[in-house]
Amino acid sequence: MTKLRIDHAVIDADLVIFDKDGTLIDFEFYWGERTRRCGERLIERVGGDGTLRAALFSSLGFDAANGQTAGDGPLATATMTKIYTVATVVLYQHGFGWDEAEAHVQAAFASCMGAIPTGDLVRTLSDVPDLFRCLDQAGAKIAIVTSDDHATAAETLALLGVSDLVSAIVGGDDDIPMKPAPDAILHVCEQLGVAPQRTMMVGDTVADLVMAGRAGAGVRLAVLSGVGGRTELATHADLIIASIDDIVVEP
Ligand SMILES: [Mg+2]
């Protein structure tokens with residue numbers, strides 16, 4: 001049993017499941033820059049104009065002008081495969097045949113968006129290694145459930161130097177229904193032998209919290225460090241904090 005102090009609440013949990021983007025690492029810094037870069041690469045490849053550019057970014061739920069991502073849009077919550085399908089649909093709507101559109105997306109967008117993360121794009125939202133070490137020393141297990149690809153998540157954890165502290169990872173390309181379905185949490189709980197009600201889910205989107213609610217997780221903890229706003233998260237969260245910085249592991 002690990003005691004955690006969150007704001008004024010004291011809770012105990014045997015397993016803490018973290019979302020990755022917007023929770024552990026800076027979403028805008030990573031995906032904002034990457035989406036802009038990869039979107040431009042696709043536009044350039046197909047000789048697209050401003051209309052296509054606007055349609056692509058808005059369909060992804062990304063405002064390229066101010067770098068903001070819609071909390072309930074595909075970029076914020078969908079798996080990479082679905083995000084590539086959105087881009088393909090946009091090209092199809094702008095006169096490309098479906099197969100041709102898919103080929104362009106694969107060559108210029110998917111290869112770019114799904115590239116292994118580099119250190120210059122990964123900025124943590126707190127001292128993740130310190131938090132994970134404290135949780136580990138207090139006896140809590142740690143898992144990651146992300147819509148991003150499994151290998152990308154594993155590589156990000158390696159970049160942060162915390163791979164050996166994480167007991168399980170579920171990615172969007174694992175063969176498990178993704179958020180807001182409860183399956184990923186239930187899968188991790190079964191794998192690690194922890195009852196769902198003994199887990200705390202930490203995430204920055206409604207999808208994270210709804211997944212936790214459906215899985216029967218003990219605590220749904222929302223962080224405001226990502227793409228979700230307080231109002232939209234409040235109805236689905238047990239507790240809301242600014243960032244994972246506010247999780248205190250009791251000795
Ligand atoms: Mg997130």
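If you take all other residues with their beta carbon under 12 Å from the beta carbon of ILE17, and give Lys and Arg +1 and Asp and Glu -1, the sum is +2.
Which of the three applies to the stretch 106-251, rounded, prolate or oblate, going by the alpha-carbon gyration tensor with a ≥ b ≥ c and a/c under 1.5 meaning rounded? Mind showing how you got there, number by number?
Numbers: a/c = 1.33, a/b = 1.21, b/c = 1.10.
It is rounded, given that a/c, with a ≥ b ≥ c, falls under 1.5.
Where both bridge residues fall in the chain, DSSP classifies roughly 35% of the beta bridges as antiparallel. Shown for the chain are no DSSP H helices, since none reaches 24 Å along its axis, judged by Cα atoms, with a mean Kyte-Doolittle hydropathy of at least 0.5.
Measuring r between the beta carbons of THR85 and LEU192 and using R0 = 30 Å, the FRET efficiency lands at 0.40. Within the chain, the proportion of C-alpha pairs whose separation exceeds 30 Å stands at 26%.
Modelled this way, with points 7 Å down the Cα-to-C-beta line, the labels at ASP99 and ALA154 are 3.4 nm from one another.
Extension gain, ALA138 to MET1: 0.36 nm times the residue separation minus the Cα-Cα distance gives 48.5 nm.
Across the protein chains, with a 1.4 Å probe defining accessible surface, the residues THR235, THR51 rank THR235, THR51 from largest area downward. Applying a 4.7 Å cutoff between beta carbons, the unpaired cysteines of the chain are CYS134, CYS189. Computed over protein heavy atoms with a 1.4 angstrom probe, the accessible surface ordering of ASP7, ASP14, ASP72, ASP246, largest first, is ASP72, ASP7, ASP246, ASP14.
The values are calculated or read from the model by the stated rules, or taken from the named source; none is laboratory data. Worth saying up front: this structure is predicted, and the values here are computed from it rather than measured. Cβ: placed from backbone, ideal geometry, glycine included. Neighbour counts: every protein chain shown. Calculation scope for accessible area: heavy atoms of the full protein, side chains included, ligands and nucleic acids excluded. Shrake-Rupley method; radii C 1.70, N 1.55, O 1.52, S 1.80 Å.
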